[in-house]
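Asker: One structure is given below, represented as structure tokens, and several questions about it will come after.
The values are calculated or read from the model by the stated rules, or taken from the named source; none is laboratory data. For clarity, every value in this text was computed on a predicted model and none was experimentally measured. Cβ atoms come from the backbone with ideal geometry, glycine included; neighbour counts cover every protein chain shown.
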Amino acid sequence: MQQQILEALTRGANSDALATARDFVATNPDDPQAHRLLALAAGATGDVAAAQASIDRAIALAPDDADLHFQRAGLLVGAGQVDVAHEALRATVELDPNQLRAYILQAQLAIGRNDLDEAARLARLAARIDEEHPLLRTVEGMLALRAGAVDKAVAVLSQAAERAPDDLQPRYALGFAYMAKGHLAFAEQAFRSVLAKLPDAGMLRAMIAELLWRQGHAAAAADELAPLLADPATATTALRRFAGELNLAAGRNERALPLLQGALADNPGDQRTVSALTEAWRRMGLAQDARRTLDLALATSPDIDALWHARMVFMSDLDEGDALVARWRETLPASLAALEAEMTLHLSNARSDEAENVARAIAELAPGHEHAGLRLLLGEVRRAPKDAIARIEEMLLQGGLAPQRQQLLHEWRALAFDALDQPESTVALWTAQHRVVMDERLPLPELTAPRTDWPERAQPTGKEAPVAFLVGAPGSLVERLAAILSGSLATFRGDRFGPSAPPDALQHYSTPLRLASRELSPGNVASSWQMALPARGIKADVVDWLLWWDNALVALLRDQLPQARLVVALRDPRDMLLDWLAFGAATPMRIESPRLAAEWLAASLVQVADLHEQDLVPHRLVRMDDIADKPRAVAGLLGDALGISLPTPPPGLFGTDRLPAGRWRSYAGPLAGEFAILQPVARRLGYPES
């Protein structure tokens, strides 16, 4: 039906397009695209007021869709100050070639349906009448913007705004040009100036909120939506979801929760709502509330995969998970998502054979399914490494693979050579692959020199909120400690490794060096860290996973955070080097050569040895050597280290097996020099020399 409307508009059958668009909206009243097309059709017949009402409704249904706001700006430009109500624009132009504004409105409507050639043709016709008219220049700027000529759009629209300072239209369009240019603050200012003089464009607040959020001001963005949420006419399901997402991004979980719950009640099939609400429940530790709400939603909407998937997140134990998957598959037997969940559940239960069986079923149902194919290939790496090497090399030779997929295949090819006990070939493959991705990795952080003049330990008052920092050098398997905490502790934060990392001093490479040189004080770092906590959803206690550890941060803990404890993941340093070469690290550090990696790792672990031997701060070493593949044992040691009780994790939580403890001895030949570098610190940390 959408294509039918656009084709009717293109051939000038505007009345037919309008009738079809009205039917489309009648059968799809909550579809923003239906209202967008009705706006185009109404505008084409000259009913600009109806067009603006329709596009406003579309924006209310999808408040963060910039394209809809752009179309509204176009209608405003095209409408200008003339009323061509209920007359066909095409006829108007044919009767009076000097109807400049009719040309402009037609051009805007052509832009709205993405017919840029027609829009350009109409703009050229309008230029014959008045090539310097601000509205025509605005159309030209918007046309340039749609065509991707952002710099030209900014220049043309800025000029139009200067020539007509009292006209809102150029300023409205200029806001979008600034957005495309990445000048978000300028775009916000432009939109605010429009909103100040055009109260009926209240939904523009949603665009302003989007800009505030993209500038890192999530709380202000959420507050911007308050007037819209207070009005039942604008407080749509999508707007409440958007406000909930913004409050969640601002760490205001209590405000986010009711907004998202209301949005879920209205539209249980919306993936964004389900995802955001799942995160809110997780952060607030409301698993029971989540289970109750999702069970009620599934009772009325059992055909929505997203609800089943969210319910699996909050399963009370693995037995309930099995029962949920069985119900899901019985309810939706053709659901690929249900099969995927079953495969994941088998892996969580360490049921590799069952997972492979499901993977085969997925591959039959969806040939080329990436995760199922990889699961089957990994099984082949373990059981038939020679065959796996041949398959992987064939896949690499065919090309066309995404970089991440390609890297994984290189990793598994090396593991297949390891399974064949060919350490020289394995090390050569690891080294070659690290060279390929070297430019995509972070440089190794410069470690600070040893220090003995530490500040005196401040004495905790007992009123401070508990704080712990999780750290671990590459190869320590610290990410497995994080996996335990992320699924069981609401106050754990691993966001430093994702796209929403906190902008505090502990995120900066230079902080340890600046602390060591006294350029930065422990108080400055503590203040920066504490100020970022609310936006991370933290009000009191926290377990914060740091990118890496440097003993310069000892001063921070001793002087400013005496209640904090450090949890350090540790293994035999030689196994750590091997794991780093084979699998990389959570903090994607560059490996220029195995020797340079060994030298940096040795220096980093010397700091850990100093910290441990001198008891510089309250800390606990969590030795992963004998428990690396035993989630239950890891949870026990980690809980002891934090002084809390952690729930029993699923046996397959850690996923793919890593190289076993002591595997480094098989590489004593090709990595002899590197292991010699690590031997002294290994001995200090309590590991045997050979």
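Asker: Need the failing condition index for residue 45 against (1) of a type in the set (Ser, Thr, Tyr); (2) at pLDDT 80 or above; (3) crowded, with 19+ Cβ neighbours inside 10 Å, just the number.
Answerer: Checking residue 45 against (1) of a type in the set (Ser, Thr, Tyr); (2) at pLDDT 80 or above; (3) crowded, with 19+ Cβ neighbours inside 10 Å, the one that fails is (2).
Asker: Filter region 302-327 for residues that are part of a loop (DSSP other than H, G, I, E, B) and surrounded by 15 or more Cβ atoms within 10 Å (Cβ to Cβ) and give the result.
Answerer: So in region 302-327, the residues part of a loop (DSSP other than H, G, I, E, B) come out as 302-304, 314-317.
Within region 302-327, 304, 314, 315 qualify.
Asker: Looking at residue 657, is it among the acidic types (Asp, Glu) and without any contact (Cβ under 8 Å) to a residue 24 or more places away in the chain? Explain how you work it out, then say what you get.
Answerer: Numbers: among the acidic types (Asp, Glu): yes; without any contact (Cβ under 8 Å) to a residue 24 or more places away in the chain: no.
No: the conditions fail for residue 657.
Asker: Keeping to region 429-454, report how many residues are under 24 Å from residue 606 (Cα atoms), surrounded by fewer than 19 Cβ atoms within 10 Å (Cβ to Cβ) and aliphatic (A, V, I, L, M).
Answerer: The qualifying residues number 2.
Asker: Still on this structure: Which one is farthest from residue 535 (Cα to Cα), of the residues in region 230-263 that are part of a loop (DSSP other than H, G, I, E, B) and not acidic (Asp, Glu)?
Answerer: Going residue by residue through region 230-263, those that are part of a loop (DSSP other than H, G, I, E, B) are 231-236, 250-252.
Those left that are additionally not acidic (Asp, Glu): 232-236, 250-252.
Values: 232: 29, 233: 30, 234: 27, 235: 25, 236: 26, 250: 5, 251: 4, 252: 8 Å.
The qualifying residue farthest from residue 535 (Cα to Cα) is 233.
Asker: When residue 317 is evaluated against the numbered criteria (1) over 23 Å from the mean Cα position of the chain (by Cα); (2) within 30 Å of residue 243 (Cβ to Cβ); (3) at pLDDT below 90, which criterion, by number, is the only one it fails?
Answerer: Here residue 317 clears every test but (2).
Asker: Shifting gears a bit: Which residue out of 354, 342, 330 is surrounded by 16 or more Cβ atoms within 10 Å (Cβ to Cβ) and either without any contact (Cβ under 8 Å) to a residue 24 or more places away in the chain or out of contact with any Lys or Arg (no Cβ under 7 Å at 6 or more places or on another chain) (or both)? Walk me through how you get there before you give the answer.
Answerer: Details: 354 fails: surrounded by 16 or more Cβ atoms within 10 Å (Cβ to Cβ); 330 fails: surrounded by 16 or more Cβ atoms within 10 Å (Cβ to Cβ).
Exactly one of 354, 342, 330 is surrounded by 16 or more Cβ atoms within 10 Å (Cβ to Cβ) and either without any contact (Cβ under 8 Å) to a residue 24 or more places away in the chain or out of contact with any Lys or Arg (no Cβ under 7 Å at 6 or more places or on another chain) (or both), namely 342.
Asker: Can you tell me which of 195, 184 is surrounded by fewer than 22 Cβ atoms within 10 Å (Cβ to Cβ), touching a helix residue (DSSP H, G or I) at 6+ places or on another chain (Cβ under 6 Å), within 19 Å of residue 235 (Cα to Cα) and free of Cβ contacts under 8 Å to residues at least 40 places away in the same chain?
Answerer: 195
Asker: Tell me, yes or no, whether region 126-136 has at least one residue that is assigned to a helix (DSSP H, G or I), closer than 20 Å to residue 55 by Cβ and in the same structural domain as residue 37 (by TED's automatic domain parsing). Walk me through it before giving the result.
Answerer: Looking only at region 126-136, we keep the residues that are assigned to a helix (DSSP H, G or I), and these are 126-130, 134-136.
In the following step, the residues that additionally are closer than 20 Å to residue 55 by Cβ were identified as 135.
Those left that are additionally in the same structural domain as residue 37 (by TED's automatic domain parsing): 135.
Yes, region 126-136 contains at least one residue that is assigned to a helix (DSSP H, G or I), closer than 20 Å to residue 55 by Cβ and in the same structural domain as residue 37 (by TED's automatic domain parsing).
Asker: Could you tell me how many of the residues in region 488-523 are under 18 Å from the mean Cα position of the chain (by Cα) and assigned to a loop (DSSP other than H, G, I, E, B)?
Answerer: Count: 7.
Quick grid of which residues meet (1) assigned to a loop (DSSP other than H, G, I, E, B); (2) touching a Leu at 6+ places or on another chain (Cβ under 7 Å); (3) in the same structural domain as residue 501 (by TED's automatic domain parsing); (4) surrounded by fewer than 20 Cβ atoms within 10 Å (Cβ to Cβ):
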| position | (1), (2), (3), (4) |
| --- | --- |
| 547 | yes, no, yes, yes |
| 552 | no, yes, yes, no |
| 567 | no, yes, yes, no |
| 576 | no, yes, yes, no |
| 622 | no, yes, yes, no |
| 628 | yes, yes, yes, no |
| 648 | yes, no, yes, yes |
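Asker: Can I ask one more? Can you pull out every residue in region 496-529 that is charged (D, E, K, R) and surrounded by fewer than 16 Cβ atoms within 10 Å (Cβ to Cβ)?
Answerer: First, pick out the residues of region 496-529 that are charged (D, E, K, R): 496, 504, 514, 518-519.
If the condition is that a residue be charged (D, E, K, R) and surrounded by fewer than 16 Cβ atoms within 10 Å (Cβ to Cβ), then 518, 519 are the ones that fit.
Asker: Considering only region 218-232, state which residues are touching a residue at least 60 places away in the same chain (Cβ under 8 Å) and surrounded by fewer than 22 Cβ atoms within 10 Å (Cβ to Cβ).
Answerer: Answer for region 218-232, where residues must be touching a residue at least 60 places away in the same chain (Cβ under 8 Å) and surrounded by fewer than 22 Cβ atoms within 10 Å (Cβ to Cβ): just 219.
Asker: Within region 437-474, can you find the residues that are outside any loop (DSSP other than H, G, I, E, B) and without any contact (Cβ under 8 Å) to a residue 24 or more places away in the chain? Can you show your working first?
Answerer: Going through region 437-474, the residues outside any loop (DSSP other than H, G, I, E, B) turn out to be 438-440, 442, 467-472.
439, the sole residue that qualifies.
Asker: Could you list, in sequence order, the residues of region 631-646 that are in a helix (DSSP H, G or I) and touching a residue at least 12 places away in the same chain (Cβ under 8 Å)?
Answerer: First pass over region 631-646, keeping only residues in a helix (DSSP H, G or I): 631-642.
Those that are in a helix (DSSP H, G or I) and touching a residue at least 12 places away in the same chain (Cβ under 8 Å): 631, 632, 634, 635, 637, 638, 640, 641, 642.
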